[in-house]
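For reference, the structure discussed in these notes is given below.
The values are calculated or read from the model by the stated rules, or taken from the named source; none is laboratory data. Worth saying up front: this structure is predicted, and the values here are computed from it rather than measured. With ideal geometry, Cβ positions are generated from the backbone for all residues, glycine too; neighbour counts draw on all protein chains shown. Accessible surface areas use protein heavy atoms only, side chains included; no ligands, DNA or RNA. Shrake-Rupley method; radii C 1.70, N 1.55, O 1.52, S 1.80 Å.
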Amino acid sequence: MSTAAGKRVKIKAQKRLGELMREHFVDLDAAAGDPSRKVAWCTSVGPCEILTAMGFEVYFPENHGALLGARRVSHELIPRAVGIGYGAESCSYMTSDIGSTLAGVSPLQEAFGIAGPPTPEVLVYNTNQCREVQDWWGFYGRRDGAPVMGICPPTHVGEVTAEHVSFVRGELERLVGSIEERFGTKLDLDRLREVVALSSQASALWRRVLDTARAHPAAMTFFDGVIHMAPVILMRGSHKAIEYYEALLAELNERVTEGVGAVPDERFRIYWEGMPIWPKVRELAEKFYDLRTVVAASTYCNSWAFEEFDGGDPLEWMARTSTEIFINRDEETKQKFLVEMLDGFGIDGAIFHNARTCPNNTNSRFGMAQRIREESKLPVLVIDGDLSDLRFFSTAQTMTNIEAFVEQLAEYRR
Amino acid sequence: MSAPLFVGIDVGSSATKCVVLNDTRALVGHHVVTSGFDYVEAAETALQHSLLQAEGVKKDVAYCVSTGYGRERVAWADGHVTEITCHARGAKEWYPEVRGIIDIGGQDTKVIRLSEEGRMVDYRMNAKCAAGTGTFLESTAHKLGLSLGELDGLAMESKAHAVVNSYCTVFAGTEVIERIKEGQRLDDIAMGLFRSIASRVAEMLAVRDGALAATGGVAAHCGALIRALEEVLETQVWLPPMPQHAGAYGAALLAAETNVAERSSARHVADR
Ligand code: SF4
């Protein structure tokens, strides 16, 4: 065991992350106030590269939803959205975000000293993750008189075929056409190729960052991942994201070489399936530290680890990668992926988070947890909760569930 | 020096239970008190009464494991373990061949499955709400102007049963009123309430093989619950000698099983 084992070490890159986030949001705010610049809103696994290549500054509302959750204000804001007819059990990113707009408050104000989310000139979605985003964007489209555009790829896909890719590519072309028509600009394919190459590079680095948790002890945890994934979502297609992940990867690789674990004296390794519980991320991270258990891998953080771009047709790469993402696949493909992850990361047990307001990112509703238990022969736990809405979460019950799960892992090992 | 004693203390949301074992693991003391608002005091009272019965004093306690909702509040416990593991351990001691344990507590219901070797292979807890818990029964009984004991007595008289579908305590109350309006018998309605809990348990029981036992305060006090479980699950459900103390008993057994070297350091007995 290394001398550093037993001591909790902070990720040094986090300081740079804070600066990057500030620069990003301050610049977005400036763009919103500058008539010569244009702001587009985009879904987190949406066609943002097209928007960047066409000169838009891109804002990702889901990040705002997560921020509202992490700041523990969602439950105060959701009722505002429910009051105007959005379901209390609909996506709590959407309801808390709309609620925050209705209340005129945003954590961006306090965190970065800016006015709040930038006003969109266009809102772009990809329903590869869910249909909710379309209706979420619809609220702002109506409010701001901005066009809402997007693509609807085939969903619950098994094997991604050439037909699927060609169909989605066609959808992307149609989307480009609509943006060109509306804004009187032309998409430069070489510029798109450049942005896609950068995006893919950031994504590949992100995958390597996540892979440092394959080491025993794991160099990072899921709870580190949900913080450090911000650049691969918000800044993909930029050099900044690449530089950031190069530095982070170097730091984590050093941990691997020196045998330093993110969780001191790591005993057990857990897989997290489903969304984070944003208001409880810190508390849960502490709980796992106490239990000397590392949440070494997750589906969620992997959502932005795309296949690498080979320099060919950028639209085809976008069509393929956005259709191939886990959330858009059928049960069989998901199960295969999960079993491979459990194996590859040396996992002792899996926790499925049943996020009550996001059926799309919840995989315990069609018997998957049981099937994974049978196939992997590992203990599997399903916990109830939500990404943002604490009304669906019981701290005492969840903590007992997690502790009991670790007791079960200990029993398995005996 | 007197022989060492091993203590298990289960600080539940409604009741705090204590069990004392001697060095041959014989149960020599036990007590139950209402948890109330002061878990620390409840734990102390339950311990003192149990020690009195065991003819011991606090310094005779070689190791103590706390469990239950308030397990972390017992500062003098040497380690804490979840009630899930403790109920499983307690029930297994009484019934080595048991494969499923149904623990219906004040604020949650748990179903625990053991392997043939007695290893915990799966467990489930009710979702965040009172559905299918002791609180659900108590508050519905209260609406009918009955105590839980009276509700149980009534249900035991039932020849049929009314259907109460709702999972929600509030809606179940409304349904009860509907059944009364329909002219259904009160004893059948009471049984319907116990069956609605049993239906929740049926949902949580992924695999129905092997012997089942019920533990927890509700099982201890309500014969109607056992009847409802047996009817809905279509199998016999064992009721151990001290169902309410199953968690504390399991905790005491885990305390006795913790080896001497670990007794000084472990906070989580499961750290072994
Ligand atoms: S995937 Fe889930 S959390 Fe994300 S926007 Fe859709 S419904 Fe909301």
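Extents of region A:48-107, largest first, come to 38, 23, 19 Å (Cα atoms, principal axes, whole angstrom). Helices in chain B, meaning DSSP H runs of at least 4 residues, each add -39500 (n - 2.57). Divided by all residues, the mean residue ellipticity at 222 nm is -12500 deg cm²/dmol.
Per residue of A:398-405, other chain Cβ atoms within 10 Å of the residue Cβ number 6 on average. Computed over region A:14-187, the alpha-carbon pair-distance distribution with 10 angstrom bins reads 10, 35, 35, 18, 2, each value a whole percent. Inverting the pair-averaged 1/r between distinct Cα atoms of region B:97-239 gives 15.0 Å as its Kirkwood hydrodynamic radius. The separation of region A:232-281 from region A:114-176, counted between C-alpha centres, amounts to 28 Å.
If I model region B:153-228 as equal point scatterers sitting on the Cα atoms and use the Debye formula, what is log10 I(q)/I(0) at q = 0.25, 0.27 Å⁻¹? Each listed q maps to, in turn, -1.20, -1.28. Between A:Ala262 and A:Ala218, A:Ala219, A:Met220, the built amide H atoms are under 5 Å apart, and every one of these is 5 or more places off in sequence or on another chain.
Mean residue ellipticity, 222 nm, helices only, chain A: the sum of -39500 (n - 2.57) across DSSP H runs of n ≥ 4, divided by residue count and rounded to 500, is -16500 deg cm²/dmol.
Taking the Cα centre of region B:97-239 as origin and assigning +1 to Lys and Arg Cβ atoms and -1 to Asp and Glu Cβ atoms, the resulting dipole is close to 280 debye. Under the classification rounded if a/c is under 1.5, otherwise prolate if a/b is larger than b/c and oblate if not, where does chain B fall, given a ≥ b ≥ c as square roots of the Cα gyration tensor eigenvalues? It comes out prolate by the Cα gyration axes. Treating the angle as unsigned and between 0 and 90°, give the value, to the nearest 10°, between the Cα long axis of helix A:162-183 and the longest Cα principal axis of chain A. Tilt of helix A:162-183: around 50 degrees.
If you run the Gaussian network model on chain A, springs between alpha carbon atoms under 10 Å, then out of A:Pro314, A:Pro61, A:Pro359 the most flexible one is A:Pro359. Inter-part distance, region B:10-59 to region A:191-209, computed on C-alpha centroids, equals 61 Å.
Packing here is the average count of other Cβ atoms within 10 Å per residue, and on that basis the peptides B:13-21, B:223-231, A:123-131, highest first, run B:13-21, A:123-131, B:223-231. Take each residue of peptide A:379-388, count the partner chain Cβ atoms within 10 Å of its Cβ, and average: the result is 2.
Inter-chain neighbour count for A:389-395: the average number of beta-carbon atoms from partner chains within 10 Å of each residue's beta-carbon is 2. Taking 0.36 nm per residue of separation and subtracting the Cα-Cα distance, full extension of the segment from A:Asp343 to A:His156 would add 64.9 nm.
Computed from Cα atoms, the angle from the helix A:281-290 axis to the main principal axis of chain A rounds to 20 degrees. With one equal scatterer per alpha carbon and no solvent term, the Debye-computed log10 I(q)/I(0) for the protein assembly as shown at 0.07 1/Å reads -0.54. Within the same chain, aspartates and glutamates fewer than 8 places from B:Lys143 are excluded, and of the rest, those with a Cα less than 17 Å from its Cα are B:Asp152, B:Glu175, B:Glu178, B:Asp187, B:Asp188.
Using r as the Cβ-Cβ distance of A:Val9 and B:Met156, and R0 as 60 Å, what FRET efficiency do you calculate, to the nearest 0.05?
0.45
Give the residue from B:Val40, B:Val207, A:Gly113 lying farthest towards the positive end of the charge dipole for the protein assembly as shown; charges sit on Cβ (+1 for Lys and Arg, -1 for Asp and Glu) and the dipole is referred to the Cα centre. Farthest along the dipole direction, towards plus: B:Val40.
For A:Lys10, a cut-off of 14 angstrom between C-alpha atoms picks up these aspartates and glutamates, skipping any fewer than 8 places away in its own chain: A:Asp224, A:Glu251, A:Glu254, A:Glu286.
Taking Cα atoms only, the orientation of helix A:314-324 departs from the longest principal axis of chain A by about 40 degrees. Considering only A:Met229, A:Met220, A:Met399, the Gaussian network model of chain A with Cα springs below 10 Å gives its largest mean-square fluctuation to A:Met399.
Roughly how many whole Å is it from the C-alpha centroid of region A:1-66 to that of region A:357-414? That distance is 30 Å. Here's the picture: charge each Lys and Arg Cβ at +1 and each Asp and Glu Cβ at -1 in chain A, and of A:Thr212, A:Gly69, A:Leu123 the one pushed furthest to the positive end of that dipole is A:Gly69. Remark on A:Arg329: its backbone amide H falls under 5 Å from those of A:His156, A:Val157, a criterion applied only to residues 5 or more positions apart or on other chains, H modelled at 1.01 Å from N. Among B:202-215, A:42-55, the peptide with the highest mean count of other Cβ atoms within 10 Å heads the list, and the full ranking is A:42-55, B:202-215. Relative to its Kirkwood radius, the Cα radius of gyration of region A:190-274 gives an Rg/Rh of 1.04. Charging the Cβ of each Asp and Glu at -1 and of each Lys and Arg at +1, and nothing else, the dipole of the protein assembly as shown about its Cα centre rounds to 840 debye. Counting protein heavy atoms only, chain A has 50 percent of its accessible area on carbon and sulfur, 1.4 angstrom probe.
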